[in-house]
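Below: the structure, in structure tokens.
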Amino acid sequence: MPSHPRLSLPIVAGAVLVAPTMLLAGSLGAPAWHGLATLPLMATACWSLDRWREWRMRRAVVAFLMAPASPASAFAPAHGLLEDAPVGLWEVDAEGRTLFANRQLARLFGGEAPVSLAASGVAWPEEGALAAVGEGGAVLSLPGKPDRRLLVTASPWSGDGLGRRMLSVLDVTRFPAGRPSREVPPGQDPLTGLANRAALQAGLAEMAIDPGGGLLLLIDLDHFKSANERHGHDAGDALLREAARRLREAVRPSDLVSRLSGDKFAILVFGAQAEAAEEIAGRVREALAPRAAIEGAELSLAASIGIARAPEHGLDGEALLRAALLALREAKAQGRNTVVLFEARLRDRSERRAALREALAEALEAGELVLHLQPQQDLQAQRMVGAEALIRWNSRRLGRWIPPGEMLPAASEAGLMPALDRFVLREAVRMIAGWGDRPDAPRVLGINISVTTLRDPAFAEEVAAALILAGVVPSRLEIEIPENLAIRDLPGVARTLAALRELGVPLALDDFGGGHSGLPHVVRLPVQRLKLDRSIVAGLPDPKSYAVLRATVTLARAMGIEVVGEGVETQSQAFALRRAGCNIIQGYLIARPMPMVELVPPLPEQGAVSRQARA
């Protein structure tokens, strides 16, 4: 197969000069996707919207280099491609005589290209400075004009032994000397040397109008945050640089690799079809698979990848980016270290969740939210000893009851959890105050409070104020700590929990044995009750589940902590719990969650007052 010449092009972005980009094409016998495997980028290109035409020109040159060519026709097509290049291009023979010069070079020399190097008026810093491949500064002196500083890069232009060279010439007079090596170009990420978000947006705009379309891959390192926290920011920066290096090597030089922010990267693969997504993502994952040796530690670079294709998944850059973000979110939801190609259902689901978030914000203002209560029963005394308050929502806007599994994630996404928690607090305290000392009412009412709210140092004071205002004894309100409280979050909530205990509010650890909650939480949290995860109860009376139950109850008793069995649905489960020493149960076997008036019916005089008020 024929080989093609090497081309050296300085790339300019905005007002900053970037070192030249070197393209070297060897044998083209490899498959089309790997055709640029031997085209290393010898310097990092800088990208910006106003100079995107330069990058398009480079892509055209790459296309030429990849195309088969006969020796006789190797140069004329290249000259045509380079005629409108934004830098001066000057082909000379072994004696320095001009063979080709593009329009930009002619403009640089006052309208007409010189006939040779010797007659050009260019003063080289030393004799024979461009005799070999390289890059250097020079001074252009033309009659009646001030001297101009040039950056000149020379490369051999053919392999025929005739000594032809291609010079790329750029006027750098307006740049302060030394600036290119010290300042970060505006389109370049300063940490990794990759293109940045602005450059990606320019690339997305280019892809949107490119007839061949292409793929956008969004890449999120799965374990970067924990590595950064454990090993420090220097190690985190080194890990990001290593990820950037591997991503560059995994794709073609004509593809754009950028860093969006933090541990998120993007790759634009121009001209690739949807069928190639799996192969490309596979190469990226393969490149990231080996653990990175950073400061004596072996750190993971496993990543989740979301992919979208233009134009099918987005007719403009923003739409394509949104589609890829939805695919990335799905990949992370599926357990991370996975790849998801965008599908229309992801957009539909996203739009439904957006509508849900909007409706929930309205529901908080309109009073659509209510608390339903699920009783807790003492198996020995055979009476109700407490209840859990569970939030319920019948949306007028959406026309249906919204299950907690939909509502709570939407509240978290919309930043509404603190408002939701405070609604639950106010309603629960109001209910307890209304019951007074009634013997048929729950002795303790438990409420679920999110980690977000527990991190708020002022929350304990709000609880105290609500109890005092309603005249409720603190011991009658129990706060349940959610199972998704990670170990790393414990210091952030410790102050609030300590203040609540000092106030006299009992604390319970929800869903113990499932999710994040486990022994470290029991040891480090000031809780008085453990509520068993439903997965433990559901397995009863299986011997393995029963063994876990016995061990948990024994541990809790040794620490003076009461155990509550949640999700009890059968008599055999209740019997196993009682046999193991867990006497407080909650679940459908006892009762489903119900409105307050069903659990604690109003007294006759209260009912009459209520009817009069309605009338």
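The values are calculated or read from the model by the stated rules, or taken from the named source; none is laboratory data. The shown structure was predicted, so the numbers you read here are calculated from the model rather than taken from an experiment. Methodologically, a virtual Cβ is constructed for each residue, glycine included, from the backbone with ideal geometry; neighbour enumeration extends over all protein chains shown. Please note that ligands, DNA and RNA were not included when accessible areas were found on the heavy atoms of the full protein model with its side chains. Shrake-Rupley method; radii C 1.70, N 1.55, O 1.52, S 1.80 Å.
Between residue 380 and residue 475, residue separation times 0.36 nm minus the direct Cα-Cα distance comes to 32.0 nm. Short-range pairs are left out: with C-alpha atoms under 8 Å and at least six residues apart, the relative contact order of region 490-583 is 25 percent.
Highest average first, the peptides 579-591, 538-550 ordered by how many other beta carbon atoms sit within 10 Å of their residues are 579-591, 538-550. Packing, as the average of other Cβ atoms within 10 Å across residues, places the peptides 366-379, 404-417 in the order 366-379, 404-417, highest first.
A protection proxy built from the mean count of other Cβ atoms within 10 Å ranks the segments 263-271, 456-464, most packed first, as 263-271, 456-464. Evaluated over the Cα positions of region 324-369, the convex hull gives a direction-averaged projected area, one quarter of its surface, of 3.9 nm². A Cβ-based charge dipole, computed about the Cα centre of region 495-535 with Lys and Arg at +1 and Asp and Glu at -1, lands at about 80 debye. Each DSSP beta bridge with both residues in region 225-361 is either parallel or antiparallel, and the antiparallel ones are about 75%. Rolling a 1.4 angstrom probe over region 505-599 with all protein chains present gives an accessible area of which 56% lies on carbon and sulfur atoms.
Probing with 1.4 Å while keeping every protein chain in the model, the per residue accessible area of region 451-562 equals 47 Å². Rounded to the nearest 20, the Cβ-based charge dipole of region 289-383 about its Cα centre (Lys and Arg +1, Asp and Glu -1) stands at 320 debye.
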